[in-house]
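**Q** My structure is below; once you've seen it, I'll send some questions.
Just so it is clear, none of the values below were taken in a lab; they were calculated from the coordinates. Everything numeric in this text was worked out from a predicted model, so none of it was measured. Neighbour counts are summed over all protein chains in view; Cβ atoms, including those assigned to glycine, are modelled from backbone coordinates with ideal geometry.
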Amino acid sequence: MEKFATRLAENLKLRPQQVAACIELLIQEATVPFIARYRKESTGGLDEVKVSQIFERLTAYGELIARRESILKSLTSKDQLTPELKEKFLAAETLSELEDIYLPWRPKRRTRAALAKERGLEPLAARVFEQDPTMDPVKMALYFINNIEQAKGLSPEEALKGARDILAERINENAVARAKLRELFEKDSLLKSKVIAGKEVQGAKYENYFNASEHILKLPSHRYLAMRRGEAEGILSLSIQPDPQAAIALLIPLFVKNDSPCGNQVYEALVDAYRRLLSLSMETEIRMKTKKKADQEAIEVFAKNFYELLMAPPWGKRAILAVDPGLKTGCKLVALSQEGDLLEYMTCYPHTGEQGRQNSKNSIVDLVERHKLTAIAIGNGTGGRETEKFISEIKELQSIPCLLVSETGASIYSASDEARSEFPQLDLTIRSAVSIGRRLIDPLAELVKIDPRSIGVGQYQHDVDQLLLKNSLDSVVISCVNQVGVEVNSASERLLSYVSGLGPALAKNFVEYRKEHGPFKSREDFRKVHRLGPKAFEQCAGFLRIRGAENPLDASAVHPESYPVVEKMASDLGVSIIDLIRNRENRRNIILDNYKTATIGIPTLKDIMLELDKPGRDPRKILEPLTFAPEIHKPEDLNPGMRIPGVVVNVTAFGAFVDIGVHLDGLIHLSELADRYINAPSEVVKVGQKVLVTVLVVDLTKGRISLSLKKNHAASEKKAHTQISHMKLPSAIEETASKLSIQP
């Protein structure tokens, strides 16, 4: 483990002591948020990103160790493990290297080489491989045919073919050869894509890949995933290969000693080994490696988007009116308390004539006034803009903010077991309205209830490794939940399950405790929760808040283990803890060095002072509502050259999608995101960001809108796009927009 920690420290450019301390904490089952927040002294201040990286590498290392132990155990049981072989296994640093060493001993099906060995041709193969220039391989074959019982009846050529099969397998299993070929495949392979005959019409959306070739190192992840999808759908055939002559030339010095007849036999075996065994094996590896890399990049894009979505600014704990809009089926209205509890619900019909408008106006005003609602949240789906316009024109509600809220995934939640459990008697649309309203109050608390893949951010989420995706998104949720902190007396069971040290079972026990004993009064009460041991208490206590607790520190991120330090600060100043929090002048008199202990250093003391300044501070920004262009409601209202406001709703590897209030998201291609060169859209935009965009192209036929974020867009470029409908988008946008797994 020490060697691993040292090597990992070098790789991550950290001090070995930092990595070793972090590994020790992880082995003790400390969570990533806990280590990053409350063990800064031990790790030298490693942030959550670095702790996560160490955790991932430690997990991979554990898999390597487990596989090595399994192999050693298997070989020992078969009495095949020599000291030299064991040393090779112990020196292997990757799973690929480990498997290459193990390959000759791996149980095999009946191969051509195995059949040749059964015919007694292994000694012939050994003699041929010696490549003695004076030896005639045909005469050697005749000798073995005449002297080995199993080989009798074979012709010399059949015997030599069997010997070559044995040599081909030996070459295939050579660890050095595989390592060299692996490097060649990784650095010099071309990915070639061809359309399968007869599939041209059916696979028209993959037209750009019908006859494509690209160097594997330059291939963007989203294009590889698109081609793989085309292959899975039976439209494309793919191959990943370097120049075969270069590969064979790489192998010759390892096995061919001379140009003798026996040397020629070895050369034939080598070519056969490459074409029949090695090239297929290496292509499978490079496919898996490229897929894994593409998955990781796609998942990273998804994770960044999801993080921004979860950390969107909350409206805060204020009573609101939530509206799930509908043009013909009516708008579902729900009044929610500041905690998000359902107070009342009804349906109104503002889009079905003058009488419906008047009745709806009266109902909405009455609902707002009776429940003293302070804001109105409207789902941004069908009818959203029309409903927003209707409500914003109600004179009695002019002073109340009216905000459009993304309703993506709300229908998924409304049909979930959790929604049915919470509102068993309510219609799906009412549950959906509740979800829309709660998203305004606290996006994080509501969105954790929904499968992230239903939220509509990212790309190719259904094509990537689903376990890897789930683990990554779970990590994002855990990070966000613990950054913000959780109000323990109002949090849902799902939200609590993401708190450091808890999980579903303990989260359920917290909720059961609330039901049986009422609200938690102090963090010490957590110890009374069924099955919450000392370790779990240590992990979770600092992330759970109790608003209005007798001890004000219970509402902060100060961990209970640090309470004695704060109490001593207050005692030394002759004030109460409440006075220490309320009076900044008191805190200015504190000299942090006086409060250092064996376990609490300056980093933790600085964190404590920040918390005392604003106990339980929310790291999320203040909500700034977006107002769409009032005259723009549908794509037909757009004209090239228009400058209109919007909000980024999805960032992909090739661009960003923007909601401009017309029920059809526009695409800003990577090339239109900045006036300077950028490598990735995430360099300039993120989900939730408000932007001012220029309309480039509106294609009503295909339902696509092309936008630009460039500030210096030339007037001539605008004039080039004078036709609105029946217009072809730029090829780069045409190619990539069609490959989103979720259509805008």
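**Q** Starting from the Cα of Lys291, draw a straight line to each of the lysines and keep only those under 26 Å, dropping any in the same chain fewer than 8 residues away.
**A** Lys50, Lys180, Lys187, Lys192, Lys194, Lys199, Lys205, Lys218, Lys304, Lys470, Lys686, Lys739
**Q** Quick check of the Kirkwood formula: for segment 635-709, what is the inverse mean of 1/r over all pairs of different Cα atoms, in Å?
**A** 12.1 Å is the Kirkwood radius here.
**Q** If I stretch the segment between Ser70 and Asn147 completely, what's the gain in nm (0.36 nm per residue apart, minus their alpha carbon distance), one decimal?
**A** Stretched fully, the Ser70-Asn147 segment lengthens by 23.6 nm.
**Q** So, one more: Checking the cross-link filter: which aspartates and glutamates have an alpha carbon closer than 16 Å to that of Lys521, excluding same-chain neighbours under 8 positions apart?
**A** Cα-Cα hits under 16 Å: Glu487, Glu512, Glu550, Asp554.
**Q** Classify segment 320-441 as rounded, prolate or oblate from the Cα gyration tensor: take a ≥ b ≥ c as the square roots of its eigenvalues, call it rounded if a/c is under 1.5, otherwise prolate when a/b beats b/c and oblate if not.
**A** It is prolate, given that a/c is not under 1.5 and a/b is the larger ratio.
**Q** Same structure, new question: What FRET efficiency would be calculated for the residue pair Glu386, Ala204, taking the C-beta separation as r and a Förster radius of 45 Å, to the nearest 0.05? Spell out each step's value before the answer.
**A** Values: r = 36 Å, r/R0 = 0.79.
Rounded to the nearest 0.05, the efficiency is 0.80.
**Q** Along each of the three principal axes of the Cα atoms of segment 101-209, give the extent in whole Å, ordering the values from largest to smallest.
**A** Extents along the principal axes: 64, 33, 32 Å.
**Q** So, one more: Starting from the Cα of Ser239, step 7 Å toward the Cβ, then list every residue of segment 167-211 with an amide N under 17 Å from that point.
**A** 185-186, 188-197, 210-211
**Q** Right, next: Using the crude model of +1 on Lys and Arg Cβ and -1 on Asp and Glu Cβ, and no other charge, please compute the dipole size for the chain relative to its Cα centre, in debye to 20.
**A** So the dipole magnitude of the chain works out to roughly 180 debye.
**Q** Sequence neighbours fewer than 8 away in the same chain don't count; with that in mind, list the aspartates and glutamates whose C-alpha is under 14 Å from Lys88.
**A** List returned: Glu69, Glu97, Glu99, Asp100.
**Q** Can you tell me which of 263-276, 76-89 comes out highest on packing, and rank the rest after it, using the mean Cβ neighbours within 10 Å?
**A** Values: 263-276: 20.1, 76-89: 11.6.
Per-residue Cβ counts within 10 Å, averaged per peptide and sorted highest first, yield 263-276, 76-89.
**Q** Mind running the shape call on segment 245-345? Use the C-alpha gyration tensor, a ≥ b ≥ c as the square roots of the eigenvalues: rounded below 1.5 for a/c, prolate if a/b tops b/c, oblate otherwise.
**A** Prolate is the answer for segment 245-345, as a/c is 1.5 or above and a/b outweighs b/c.
**Q** Same structure again: Among Ser497, Ala549, Val651, pick out the residue whose Cα is farthest towards the positive end of the charge dipole of the chain, where Lys and Arg carry +1 and Asp and Glu carry -1 on C-beta, about the Cα centre.
**A** Farthest along the dipole direction, towards plus: Val651.
**Q** On a C-alpha basis, how far is the centre of segment 252-284 from the centre of segment 650-715 in Å? Whole number, if you could?
**A** 53 Å
**Q** With the contact rule set at Cα under 8 Å and sequence spacing of 6 or more, what percent relative contact order holds for the chain?
**A** Once divided by the residue count of the chain, the mean separation gives 9 percent.
**Q** As a check on your grasp of the helix formula, calculate [θ] at 222 nm for the chain: sum -39500 (n - 2.57) over DSSP H runs of n ≥ 4, divide by the residue count, round to the nearest 500.
**A** On the way: 32 runs with 355 residues, N = 744.
Result for the chain: -14500 deg cm²/dmol, rounded to the nearest 500.
**Q** Determine, from the Cβ-Cβ distance of Ala505 and Asp79 and an R0 of 41 Å, the FRET efficiency 1/(1 + (r/R0)^6), rounded to the nearest 0.05.
**A** Rounded to the nearest 0.05, the efficiency is 0.35.
**Q** With every atom except the alpha carbons ignored, what do you get for Rg and Dmax of segment 399-498, in angstroms?
**A** Cα only, segment 399-498: 14.4, 49 Å (Rg, Dmax).
**Q** Output the peptides 165-176, 148-159 sorted from most to least packed, where packing is the average of other Cβ atoms within 10 Å over each peptide's residues.
**A** In decreasing order of mean packing, 165-176, 148-159 become 165-176, 148-159.
**Q** Sticking with this structure for a sec: For a test of the definition: using alpha carbon positions, the gyration tensor, and the 1.5 limit on a/c, classify the chain as rounded, prolate or oblate.
**A** Oblate is the answer for the chain, as a/c is 1.5 or above yet b/c matches or exceeds a/b.
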